[in-house]
Amino acid sequence: ILPAVFLSQVPLKVGRMCYSSSVPTTKLFIDGKFVESKTSEWLDIHNPATNEVISRVPKATQEEMLAAVDSCSRAFRSWSETSILARQQVFLRYQQLIKDNIKELAKAITVEQGKTLADAEGDVFRGLQVVEHACSITSLMLGETLPSITKDMDTYTYRLPLGVCAGIAPFNFPAMIPLWMFPMGMVCGNTYLLKPSERVPSCAMLLVKMMQDAGAPDGTLNVIHGQHAAVNFICDHPAIKAISFVGSNQAGEYIYERGSKNGKRVQSNMGAKNHGVVMPDANKENTLNQLVGAAFGAAGQRCMALSTAILVGEARSWLPELVERSKALRVNAGDQPGADVGPLISPQAKERVCSLIQSGVDEGAKLLLDGRNVNVKGYEHGNFVGPTIIGNVTPAMKCYSEEIFGPVLVVLEADTLDDAISLVNSNPYGNGTAIFTTNGATARKYTHEVDVGQVGVNVPIPVPLPMFSFTGSRGSFRGDTNFYGKQGIQFYTQIKTVTSQWKAEDATLKSPAVTMPT
Ligand code: NAD
């Protein structure tokens, strides 16, 4: 699936045994070179539509991880001093390279992650938009000035890079999320250590190669692979000044705590339970189609998937039609024409999703559409679950309290808008929500009273464009500055404030000033 520069075949060492292997292995990227890891620990990467092993990824050794950070540290000296126009040029070339290779990137995503090719192109496209925004760094990084704060004295600020920054990425957006990370970090003058998800590294490796082709100097971007040891290394290494994390709450809270304790800036984007509130005055056709698309697209493996519907008042009667439309989606391997819903990432993910569906049944919910036994011809060994809808759900049920991260829509009912708002606000997560209505006053009330960081009005997945920031809140976020946009620039920079005085000769001080200057 990838050019040989990323992949090669090495004998697989397990302890003192050595097996010959025809499975290709993913390389590390250290100091401008794609290098084979010397590790003896490898993880298998599967095609989720077939469960065949397609490649292996190394758990980088301590020595390799140290070499990667040292390379970032050395490169920081010159990259941070490189003119902002030169850094901008690298990203102008980079955005074009991504555009030119969008189909190749999408293929690398689908084979490892499983999503449909069209959806994979969307994954790349939403990351590309962040790169395009990074190209406006010359205005984004401006400081502030205030002349004549007192006689002959001016104050101005510089926005400066931090040093070495690191990104730890999840499996569900193999392009978009790495592209939220290193482009913003590097365009500000930082150097970057990326740890892609060990389940989907190929797209990240292609993106890294394109960074090199765009002119990023050796050492400005390094890549290590691995799991917990690599994450701990990033949290602990003193040269790393900031960590961007996207993934589950379990990992995100741990990384936030460990990284912060070590004095680093950490931003952690985590899990979600996003509610779509359906008012009876909504445009029915539009709303049902939007709900189905946002619940089951990418097999529900999106942090902004609309995984919970609240039907208000008369909108309850729309449920049978919602089920009919969901049934019509085609479940298939992501590279097959017409596929709407691809496989889940792993057999374990499938098992977890199925057991959460069963928990709903056991706790008294009503299974309106059951996708557990879906049969995908030619892909019998894939991790497929078809669209599933669970009705009569209450907040106490496990299928409501846990993030399912699969093609499962849980449906609750409410008598009034106030009841719906109080349900959403009682849920610990705050990533995204949407209201469907044709009434402006209803929409305004919802957007003002709901305690969720990203709100859509007749927009099911309100992921902000990169001139804004991704502002998930409450249980979906730790940190105080968000990803991309102005907040992203703030995260990757620090302020230096200069106060200068240039007096004319005759205004020279005649004696020491020992009181606090006012
Ligand atoms: P994950 O937490 O399993 O993995 C993310 C990264 O953390 C990986 O690089 C992995 O190696 C590392 N990791 C995993 N477990 C760890 C642990 N216990 N300790 C230290 N490091 C660990 O997440 P995932 O399954 O790859 O991604 C799915 C999750 O990500 C979902 O919960 C989803 O909602 C969330 N997500 C959130 C956003 C957002 O912006 N809020 C976006 C995408 C995904």
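The values are calculated or read from the model by the stated rules, or taken from the named source; none is laboratory data. Predicted model, so just to flag it, every value in this text is computed and none were measured. Here Cβ is always computed from backbone atoms with ideal geometry, including for glycine, and neighbour counts include all displayed protein chains. Calculation scope for accessible area: heavy atoms of the full protein, side chains included, ligands and nucleic acids excluded. Shrake-Rupley method; radii C 1.70, N 1.55, O 1.52, S 1.80 Å.
Restricting the count to DSSP beta bridges whose residues both fall in the chain, what percent are antiparallel, rounded to a multiple of 5?
That works out to approximately 45 percent antiparallel.
With angles folded into 0 to 90 degrees, how steeply does helix 347-362 sit against the dominant principal axis of the chain? Use alpha carbons for both and round to 10.
60 degrees
What number results when the radius of gyration of region 432-518, computed over Cα atoms, is divided by 2.2 N^0.38 Å?
Dividing the Cα radius of gyration by 2.2 N^0.38 Å gives 2.00.
Based on alpha-carbon atoms only, what is the radius of gyration of region 124-166 relative to the globular estimate 2.2 N^0.38 Å?
Working: Rg = 16.3 Å, N = 43, 2.2 N^0.38 = 9.2 Å.
With N residues counted in region 124-166, Rg over 2.2 N^0.38 Å equals 1.77.
Where q = 0.15, 0.22 Å⁻¹, what log10 of I(q)/I(0) comes from the Debye formula for region 272-411, counting one point per Cα?
For region 272-411, the Cα-only Debye profile gives -0.67, -1.42.
Sort all Cα-Cα distances of region 367-518 into consecutive 10 angstrom bins from zero, then give the percent of pairs in each bin up to the one containing the longest distance.
8, 24, 23, 17, 10, 6, 6, 4, 2, 0
State the dimensionless ratio Rg/Rh of the chain (Rg: radius of gyration of Cα atoms; Rh: Kirkwood radius).
Values: Rg = 25.2 Å, Rh = 24.5 Å.
On the Cα set of the chain, Rg over Rh gives 1.03.
Rolling a 1.4 Å sphere over the protein heavy atoms, what is the accessible area per residue of the chain, to the nearest Å²?
Working: 21950 Å² over 518 residues.
Accessible surface, normalised per residue, equals 42 Å².
Amide H to amide H, which residues 5 or more places from Phe483 or on other chains are under 5 Å from it, using H placed in the peptide plane?
Amide H to amide H, under 5 Å and 5 or more residues apart or across chains, Phe483 pairs with Phe470.
From the phi angles alone, apply the Karplus equation (6.51, -1.76, 1.60; θ = phi - 60°) to region 390-399 and give each ³J(HN,Hα) in whole Hz, x where the residue is Gly or Pro.
Result, rounded to whole Hz: 10, x, 6, 7, 10, x, 6, 6, 5, 5.
With +1 on each Lys and Arg Cβ and -1 on each Asp and Glu Cβ, how big is the dipole of the chain about its Cα centre, in debye rounded to the nearest 20?
With only Lys, Arg, Asp and Glu charged at Cβ, the dipole is about 940 debye.
Residues with amide H under 5 Å of Val35's amide H, sequence separation 5 or more or different chain, H placed in the peptide plane at 1.01 Å from N; which?
Under 5 Å from the amide H of Val35: Leu28, Phe29, Ile30.
Under 5 Å between amide hydrogens, which residues at least 5 positions from Gly456 or on another chain qualify, with H placed 1.01 Å from N in the peptide plane?
Thr433, Ala434, Ile435
Under a straight-distance cross-link criterion of Cα-Cα below 17 Å, which lysines are reachable from Lys33, leaving out those fewer than 8 residues away in the same chain?
Lys195, Lys209
Quick check on region 305-426: of the DSSP beta bridges with both residues there, what percent are antiparallel, nearest 5%?
25 percent
Compute the distance from the alpha-carbon center of region 65-109 to that of region 353-380, in whole Å.
When both Cα centres are located, 43 Å separates them.
Under the Kirkwood approximation applied to all pairs of distinct alpha-carbon atoms, what is the hydrodynamic radius of region 394-479 in Å?
Over region 394-479, the inverse of the mean reciprocal pair distance is 14.0 Å.
Using only the Cα atoms of region 161-305, each taken as one equal point scatterer with no solvent, compute I(q) by the Debye sum, divide by I(0), and report log10 of the ratio at q = 0.09 Å⁻¹.
-0.34
Enumerate the lysines that Lys151 could reach by cross-link, defined here as Cα to Cα under 20 Å, with residues fewer than 8 away along the same chain left out.
Reachable lysines: Lys503, Lys510.
Per residue, how big is the convex hull of region 16-120 when only Cα atoms are used? Give it in Å³.
Values: hull volume 13.5 nm³, N = 105.
Hull volume normalised by residue count: 129 Å³.
Given the peptides 352-359, 111-118, 506-513, arrange them by the average over their residues of other C-beta atoms within 10 Å, most packed first. The partial results should precede the final answer.
Details: 352-359: 18.5, 111-118: 25.1, 506-513: 6.5.
The packing order, highest mean first, is 111-118, 352-359, 506-513.
With +1 on each Lys and Arg Cβ and -1 on each Asp and Glu Cβ, and nothing else charged, work out how big the dipole of region 429-518 is about its Cα centre, in Debye to the nearest 20.
In total the dipole reaches around 60 debye.
Could you work out how far helix 249-261 tilts from the main Cα principal axis of the chain, as a 0 to 90 degree angle to the nearest 10?
For helix 249-261, the angle is close to 20 degrees.
As a check on your grasp of the helix formula, calculate [θ] at 222 nm for the chain: sum -39500 (n - 2.57) over DSSP H runs of n ≥ 4, divide by the residue count, round to the nearest 500.
It comes out at -11000 deg cm²/dmol, rounded to the nearest 500.
Ignoring any ligand, DNA or RNA, what whole percent of the accessible area of region 334-407 comes from carbon and sulfur when the probe is 1.4 angstrom? Each step should come with its number before you reach the end.
Numbers: 1620 of 3390 Å².
Carbon and sulfur: 48 percent of the exposed surface of region 334-407.
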